[in-house]
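Chemist: Here's a structure for you.
The values are calculated or read from the model by the stated rules, or taken from the named source; none is laboratory data. What you see is a predicted model; the values in this text were computed from it and never measured. Reconstructed Cβ throughout: ideal geometry from the backbone, glycine too, with neighbour counts over all protein chains shown. Accessible surface areas use protein heavy atoms only, side chains included; no ligands, DNA or RNA. Shrake-Rupley method; radii C 1.70, N 1.55, O 1.52, S 1.80 Å.
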Amino acid sequence: PDRSPRAPEADTRPTVVTAADIRANYPFRLVLSFFLPDARLVYNTDDTGTALQLQCPDGSWARVPLSGDHTDHVTHGGSPDLWHQVEGAWHWWDRHDRPAQEQFGYVRDPDGRAAAWYRPDGHRWELTAGGRPQA
């Protein structure tokens with residue numbers, strides 16, 4: 001699909017969520033897809049090396065390097081809130097004792113509405129068929 005042009009680099013800052021954390025924890029990637037349903041997780045390679053990058057249709061992006069001296073730093077462009085949402089998802093997942101994917105459910109209605117939920121306590125994320133949060 002067509003995407004907005006990538007926003008210019010805006011800032012680099014320390015982060016508690018590294019590329020290694022994301023790659024090593026499939027259940028967290030599942031939770032992350034509930035928190036940021038429109039985002040895509042891709043690999044980005046440039047002259048500084050390879051990084052894990054999160055990118056959104058509005059052009060916002062954030063990336064963390066896979067190796068090197070600054071694997072605990074995130075660089076972003078566009079919305080500075082993007083990686084804060086990643087950290088929020090990480091903290092939610094951690095506070096809930098890092099649940100496995102079996103502890104989540106998903107339902108899709110005939111009208112295209114969809115929801116995912118954390119089965120132990122019923123925490124729910126409303127989603128649409130296109131992956132956008134419901135209003």
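Chemist: Would you point out the residue of the stretch 11-21, among those that are out of contact with any Lys or Arg (no Cβ under 9 Å at 6 or more places or on another chain) and not in a loop (DSSP other than H, G, I, E, B), that is surrounded by the fewest Cβ atoms within 10 Å (Cβ to Cβ)? Before you say what the answer is, go through the steps one by one.
Modeler: Of the residues in the stretch 11-21, the ones out of contact with any Lys or Arg (no Cβ under 9 Å at 6 or more places or on another chain) are 11-18, 20-21.
Narrowing further to those that are not in a loop (DSSP other than H, G, I, E, B): 11-14, 20-21.
Details: ASP11: 11, THR12: 12, ARG13: 10, PRO14: 8, ALA20: 14, ASP21: 17.
Ranking the candidates gives PRO14 first.
Chemist: Can you give me the number of residues within the stretch 96-106 that are open to solvent by 60 Å² or more (accessible area, probe 1.4 Å) and either over 13 Å from PRO120 (Cα atoms) or outside any helix (DSSP H, G or I) (or both)? Explain how you work it out, then say what you get.
Modeler: Initially, the stretch 96-106 is screened for residues open to solvent by 60 Å² or more (accessible area, probe 1.4 Å), giving 97-98, 101-103, 106.
Those still in the list that are either over 13 Å from PRO120 (Cα atoms) or outside any helix (DSSP H, G or I) (or both) too: 97-98, 106.
So the count comes out to 3.
Chemist: Hey, among PRO8, PRO80, which residue is of a type outside the set (Val, Ile, Thr), over 21 Å from ARG119 (Cα atoms), surrounded by fewer than 12 Cβ atoms within 10 Å (Cβ to Cβ) and touching a residue at least 60 places away in the same chain (Cβ under 8 Å)? Step through it out loud before you land on a result.
Modeler: On the way: PRO80 fails: surrounded by fewer than 12 Cβ atoms within 10 Å (Cβ to Cβ).
Sole residue among the options that is of a type outside the set (Val, Ile, Thr), over 21 Å from ARG119 (Cα atoms), surrounded by fewer than 12 Cβ atoms within 10 Å (Cβ to Cβ) and touching a residue at least 60 places away in the same chain (Cβ under 8 Å): PRO8.
Chemist: In the stretch 38-71, how many residues are within 16 Å of the chain's Cα centre (by Cα), of a type outside the set (A, V, I, L, M) and either within 18 Å of PRO14 (Cα to Cα) or part of a loop (DSSP other than H, G, I, E, B) (or both)?
Modeler: Total meeting the criteria: 10.
Chemist: For the stretch 89-99, does any single residue satisfy the condition of being hydrophobic (A, V, I, L, M, F, W, C) and either touching a strand residue (DSSP E or B) at 6+ places or on another chain (Cβ under 8 Å) or farther than 21 Å from ALA24 by Cβ (or both)? Full working, then the answer.
Modeler: Let us first name the residues in the stretch 89-99 that are hydrophobic (A, V, I, L, M, F, W, C), namely 89-90, 92-93.
From the residues that got through so far, the ones that are either touching a strand residue (DSSP E or B) at 6+ places or on another chain (Cβ under 8 Å) or farther than 21 Å from ALA24 by Cβ (or both) too are none.
No - not one qualifying residue is present in the stretch 89-99.
Chemist: Hey, another quick one. Look at ASP109 and say whether it is open to solvent by 40 Å² or more (accessible area, probe 1.4 Å) and either touching a residue at least 60 places away in the same chain (Cβ under 8 Å) or more than 20 Å from TYR26 (Cβ to Cβ) (or both).
Modeler: Yes, satisfied.
Chemist: A further question follows. Return the only residue of TRP117, TRP93, TRP125 being of a type in the set (A, V, I, L, M, F, W, C), out of contact with any helix residue (DSSP H, G or I) (no Cβ under 6 Å at 6 or more places or on another chain) and touching a residue at least 12 places away in the same chain (Cβ under 8 Å). It would help to see each step written out before you state the result.
Modeler: Details: TRP93 fails: out of contact with any helix residue (DSSP H, G or I) (no Cβ under 6 Å at 6 or more places or on another chain); TRP125 fails: out of contact with any helix residue (DSSP H, G or I) (no Cβ under 6 Å at 6 or more places or on another chain).
It is TRP117.
Chemist: Answer yes or no as to whether ALA24 is of a type in the set (Gly, Ala, Ser), open to solvent by 30 Å² or more (accessible area, probe 1.4 Å) and at pLDDT below 90. Quick ask: steps written out before the conclusion?
Modeler: Values: of a type in the set (Gly, Ala, Ser): yes; open to solvent by 30 Å² or more (accessible area, probe 1.4 Å): yes; at pLDDT below 90: no.
Taking the combined requirement at face value, the residue does not satisfy it.
Chemist: Could you give me the residue pairs with C-beta distances under 8 Å whose first residue belongs to the stretch 30-45 and is modelled with pLDDT under 90, whose second residue is open to solvent by 60 Å² or more (accessible area, probe 1.4 Å) wherever it lies, and which are 6+ apart or on separate chains?
Modeler: PRO37/ARG132; PRO37/PRO133; ASP38/ARG132
Chemist: Ok, one more. For the structure I just gave you, tell me whether ASP58 is among the charged types (D, E, K, R), more than 19 Å from TYR106 (Cα to Cα) and touching a residue at least 40 places away in the same chain (Cβ under 8 Å). Can you show your working first?
Modeler: On the way: among the charged types (D, E, K, R): yes; more than 19 Å from TYR106 (Cα to Cα): yes; touching a residue at least 40 places away in the same chain (Cβ under 8 Å): yes.
Judged against the criteria, ASP58 is a match.
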